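Read through the structure below, which is laid out as structure tokens, and then see the notes.
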Amino acid sequence: MLAEHSGGTVSDSTRELLGKAAELAGGLGGTAQVAVLGPADLAGQLGGAATVLWMDHPALAGYVPQAYEVALAHLLAERSPRLLLLSNATVGLDLGAALAVLWDAPMAAYATRLAVEDGVPVATCQVLGGKALAEVELPGDRGIATVVAGSFPASPPGTGTAPEVVAVPPPPGLDGVATRLRRVIEPEAGDVDITAADVLVSVGRGIGSKDDIEIVAELADALGAALSASRPVTDNGWLPKTRQVGKSGLKVKPRAYLAFGISGAPEHLEGMRDAELIIACNTDASAPIFDVAHYGTTADLFDLVPALTERLNG
Amino acid sequence: MRIVVPLKTVPDLVEEIEFTPDGAGIDTEYLTFVLSEWDDQALEEALLVREAAGGQVVAVGLDGDPEIGQVLYTAIAKGADAAVRIAGQAGSARARSALLAAYLRRNPADLIVTGVQTVDDLDGQLAPMLAARLGLPHAGVVTGVEPGDGSVTVRQEFSGGRSQELELPLPAVIGVQAARQAPRYAPISKIRQVMAAGGIEDAAADAGEAGEGPLVRRMYAPERTTRAQMLEGGADAVAGQIVELLAARGLVKG
Ligand SMILES: Cc1cc2nc3c(=O)[nH]c(=O)nc-3n(C[C@H](O)[C@H](O)[C@H](O)COP(=O)(O)OP(=O)(O)OC[C@H]3O[C@@H](n4cnc5c(N)ncnc54)[C@H](O)[C@@H]3O)c2cc1C
């Protein structure tokens, strides 16, 4: 597996992969090895793995897809692992499919479950916006799985014995990497911190237009709640980016999350499934949001939202 | 700059998904197919790059994809300079990338811009596969492409709102998450006009061996173990129940 890290700390998704990698390695009769690329000394945070394969080179100073790809392709050719695990987020979305071609390995994307059955890795993958699951085998002598965040429990930092660190000399290909990392941009602070709100009124593409955001804003006011949104709403500029809940937005855990016109795509659920109370309004009874919601309604949001506001203000 | 934009259609998720009797796939017979939303974003970003840097936007699709003709005509109506329908069918991103790579080897592009993912690319995403086959640099989850001199600078997003700027030498492959502005809209009248004029080119592509993907054992709907309790009644009755649920937790003011 690949360790993702920034600022000297391994990511949550990497800690989620650690325990699973060790379990799968056990099932396959092998060991869990973690690739660490760049100058970071992370072995202390990667307890549970047997080995850290550490490679450093100026091209690996930050995350550059081309450099990571050259480095990993080299490690895969040298080590011939049975299975490569990556996160199904930016880094895994860049590298998994590219390595599937370069290393000629079958790949399972969007994996939420992984097991070894009769010596073969089996992945369950979430597709069609969460409306279908596919159970796939990765037969042969190699395979790649990219894992959806939140699928496995994260190993707490400092658990397990520290792995042995093997320094791997960088391949010459890294000298030829022409992609440049220009700058890293930290998230902007918003006018409202949606991660601190007790109640969130969250709006999705079902709202249809910027003008209609007003009706959910009025409901949020009546409830004393903060207004948040799914990605299409912020992409369209209907609400600021700082209000976005989900994979590339913020992870929230309010006491109540009211979702209006949000389908419940896996990338959205990643950010809100731990809310204490989830109430979802969606006209499509088969929308995946109802799989995580505690209460649901197929009422039209344009009827329900004003009715709620009226009651609360009444 | 020649910008090629691979487009793909996917099942419209507003509809109920049915599975084939053997349980190994989805039954597409009654499904409506629409352009993948990330491909729509990619087309928009490509048009913005062309507006800034000049050149040509070529939308390409596989003729085996349902509704691809409509999608390609719509792309022209939105401003694409040309549209190409490549002969072939692809049941996986791996096979699709092989067909597109064969086309691109014969018709090289400076920039290839497609969606970061689709809702059905179970075996991996197209952009990195295409880049790997063509030996090109690539980046995904991109939310803006600025053309430069022999390069592009892209904004790549990470979880939690972090992002970074990468400069990639051309040719390069970009997987777009979102364009800098909402995808433009083509009026039906304009699409009809484009359709009447024809103008989709047909191209052959010899993909050769695509390589092995995963073996699909079964596809099924997620078990509804923690299914929401549905609130009954009209909007007003439902509103009453929601207010009660919130009030019971002390979450209603006053
Ligand atoms: C790398 C990556 C990162 C991503 N990060 C995020 C993220 O951080 N956050 C995020 O949200 N998404 C993210 N996405 C996008 C995600 O895949 C989905 O596209 C998105 O969540 C869909 O938003 P939605 O539910 O609002 O829209 P849709 O899926 O279009 O759903 C709209 C829903 O509204 C319902 N509806 C329509 N009209 C009404 C009505 N009148 N009343 C009630 N219901 C109605 C429809 O039935 C439908 O279910 C990411 C994607 C990628 C690839």
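The values are calculated or read from the model by the stated rules, or taken from the named source; none is laboratory data. Keep in mind that what you see is a predicted model, and the values were worked out from it rather than measured. Reconstructed Cβ throughout: ideal geometry from the backbone, glycine too, with neighbour counts over all protein chains shown. For accessibility, only protein heavy atoms count, side chains too; no ligands or nucleic acids. Shrake-Rupley method; radii C 1.70, N 1.55, O 1.52, S 1.80 Å.
Ratio to report: Rg/Rh of region A:184-238, with Cα atoms as the point set and Rh obtained by the Kirkwood method; give two decimals.
Working: Rg = 11.9 Å, Rh = 12.0 Å.
Rg/Rh: 0.99.
Counting only other chains, and only Cβ atoms inside 10 Å, what mean value do you get across the residues of A:83-94? Walk me through the numbers before you get to the answer.
Values: counts 0, 0, 0, 0, 1, 1, 5, 14, 5, 2, 11, 11.
Mean partner shielding for this stretch: 4.
Please determine, in degrees from 0 to 90 and to the nearest 10, the orientation of helix A:90-102 with respect to the longest principal axis defined by the Cα atoms of chain A, where the helix direction is its Cα long axis.
It is inclined by approximately 40 degrees.
Would you rank A:F302, A:F152 by solvent-accessible area, highest first, keeping every protein chain in place and using a 1.4 Å probe?
On the way: A:F302 85, A:F152 25 Å².
Ranked list, largest accessible area first: A:F302, A:F152.
Over the whole of A:174-185, what's the average partner chain Cβ count within 10 Å per residue? Rounded to a whole number, please. Before the final figure, lay out each step's value.
Numbers: counts 0, 0, 0, 1, 6, 10, 7, 5, 7, 6, 5, 9.
Average neighbour count from other chains, rounded to a whole number: 5.
Going highest first, how would you order A:24-30, A:220-226, B:120-126 by mean Cβ packing within 10 Å? Numbers along the way, then the final one.
Details: A:24-30: 15.0, A:220-226: 19.6, B:120-126: 27.0.
Per-residue mean Cβ counts within 10 Å order the peptides as B:120-126, A:220-226, A:24-30.
Treating the angle as unsigned and between 0 and 90°, give the value, to the nearest 10°, between the Cα long axis of helix A:301-313 and the longest Cα principal axis of chain A.
Approximately 60 degrees, to the nearest 10.
Count the DSSP beta bridges whose two residues both fall in the protein assembly as shown, then state the antiparallel fraction as a percent rounded to the nearest 5. Kindly include the intermediate steps, with their values, before the conclusion.
Working: 39 of 101 bridges.
That works out to approximately 40 percent antiparallel.
Return the percentage of antiparallel bridges among DSSP beta bridges fully within chain B, rounded to the nearest 5 %. Mind dumping the intermediate values first?
Working: 15 of 39 bridges.
Of the beta bridges lying entirely in chain B, close to 40 percent run antiparallel.
Could you name every residue in region B:5-31 that has 20 Å² or more less accessible surface in the full protein assembly than in its own chain alone (probe 1.4 Å, ligands and nucleic acids excluded)?
The answer is B:L13, B:V14, B:E16, B:I17.
Do the sum for the protein assembly as shown: with -39,500 (n - 2.57) for every DSSP H run of n ≥ 4, divided by all residues, what is the mean residue ellipticity at 222 nm, to the nearest 500 deg cm²/dmol? Walk me through the numbers before you get to the answer.
Working: 14 runs with 160 residues, N = 568.
Calculated at 222 nm, the ellipticity per residue is -8500 deg cm²/dmol.
Suppose we take every Cα in the protein assembly as shown and form the convex hull; what volume per residue is that in Å³?
Details: hull volume 86.9 nm³, N = 568.
Normalising the Cα hull of the protein assembly as shown by residue number yields 153 Å³.
Of B:A127, A:A49, A:L308, which is farthest towards the positive pole of the protein assembly as shown's charge dipole, taken about the Cα centre with +1 and -1 on the beta-carbons of Lys, Arg and Asp, Glu respectively?
A:A49
Okay, which of region A:252-276 sit inside 16 Å, backbone N to the point 7 Å along the Cα-Cβ direction of A:D198?
Answer for region A:252-276: A:253-258, A:276.
I'd like the carbon and sulfur percentage of the solvent accessible area for the protein assembly as shown, probe radius 1.4 Å, heavy atoms only, ligands and nucleic acids excluded. Kindly include the intermediate steps, with their values, before the conclusion.
Details: 10820 of 22120 Å².
Accessible surface attributable to carbon and sulfur in the protein assembly as shown totals 49 percent.
Considering only DSSP beta bridges with both partners in region A:194-313, what is the antiparallel share in %, to the nearest 5?
Working: 0 of 18 bridges.
Here the antiparallel bridges make up roughly 0 percent for region A:194-313.
Which value, in debye to the nearest 20, gives the size of the charge dipole of region A:5-176 about its Cα centre, when Lys and Arg are +1 and Asp and Glu are -1 at the Cβ? Don't skip to the answer; put the middle values down first.
Values: 7 positive and 16 negative charges, 57 e Å.
With only Lys, Arg, Asp and Glu charged at Cβ, the dipole is about 280 debye.
Any chance you could check the Cα centroid distance between region A:47-81 and region A:181-259 for me, in angstrom?
Region A:47-81 and region A:181-259 have Cα centres separated by 36 Å.
Filter the GluC sites (Glu not before Pro) in region B:141-233 down to the DSSP loop ones having no more than 11 other Cβ atoms within 10 Å, then list what survives.
Working: sites: B:E157, B:E165, B:E167, B:E201, B:E209, B:E212, B:E223, B:E232; in loops: B:E209, B:E212, B:E223, B:E232.
For GluC sites (Glu not before Pro) across region B:141-233 that sit outside H, G, I, E and B with at most 11 neighbouring Cβ atoms in 10 Å, the list reads B:E209, B:E223, B:E232.
List, largest first, the extents of the alpha carbons of region A:194-313 along their principal axes, each in whole Å.
Result, largest extent first: 32, 28, 26 Å.
How far is helix A:12-28 tilted, in degrees, relative to the longest principal axis of the Cα atoms in chain A, given as a value from 0 to 90 rounded to the nearest 10?
50
Given a 1.4 angstrom probe, what's the average accessible area per residue across the protein assembly as shown, in square angstrom? Display every interim value, and only then the final one.
Values: 22120 Å² over 568 residues.
Dividing the accessible area of the protein assembly as shown by its residue count gives 39 Å².
Over the alpha carbons of region B:1-100, what is the largest minus smallest coordinate on each principal axis, giving the biggest first in Å?
Principal-axis extents of the Cα atoms in region B:1-100, largest first: 51, 28, 18 Å.
Ratio to report: Rg/Rh of region A:5-176, with Cα atoms as the point set and Rh obtained by the Kirkwood method; give two decimals.
Numbers: Rg = 15.2 Å, Rh = 16.2 Å.
Using only Cα positions, Rg/Rh for region A:5-176 is 0.94.
Just counting partner chain Cβ atoms within 10 Å, what average do the residues of peptide B:207-216 show around their Cβ? Mind showing how you got there, number by number?
Details: counts 0, 0, 1, 1, 5, 9, 7, 19, 10, 6.
The mean count of partner-chain Cβ atoms within 10 Å per residue comes to 6.
Please tell me which of these pairs span more than 28 angstrom C-alpha to C-alpha: B:K8/B:K78; A:K131/B:K8; A:K241/B:K190? Let's see the in-between values first.
Details: B:K8/B:K78 16 Å; A:K131/B:K8 19 Å; A:K241/B:K190 33 Å.
Cα-Cα > 28 Å for A:K241/B:K190; rest within.
Rounded to whole Å and sorted largest first, what semi-axes of the equivalent ellipsoid does the C-alpha gyration tensor of region B:2-203 yield via the square root of 5 times each eigenvalue?
Values: eigenvalues 127, 85, 57 Å².
They are 25, 21, 17 Å, listed largest first.
Roll a 1.4 Å probe over the protein heavy atoms and report the accessible area of A:I213 in Å², nearest 10.
Estimated to the nearest 10 Å², A:I213 gives 10 Å².
Say the dipole of region A:173-314 comes from +1 at the beta carbon of Lys and Arg and -1 at that of Asp and Glu; which of A:A178, A:I289, A:F260 then lies farthest toward its positive end?
Positive-most Cα among the choices belongs to A:A178.
Return the value, in Å² to the nearest 100, of accessible area buried between chains B and A (probe 1.4 Å, both sides summed). Intermediate results must be reported in sequence, preceding the final value.
On the way: alone 14240 and 15200 Å², together 22120 Å².
Using a 1.4 Å probe, the pair buries roughly 7300 Å².
Counting Lys and Arg as +1 and Asp and Glu as -1, each charge on the Cβ, what is the dipole of the protein assembly as shown about the Cα centre in debye, to the nearest 20? Working shown, then result.
On the way: 43 positive and 72 negative charges, 154 e Å.
With Lys and Arg at +1 and Asp and Glu at -1, about 740 debye.
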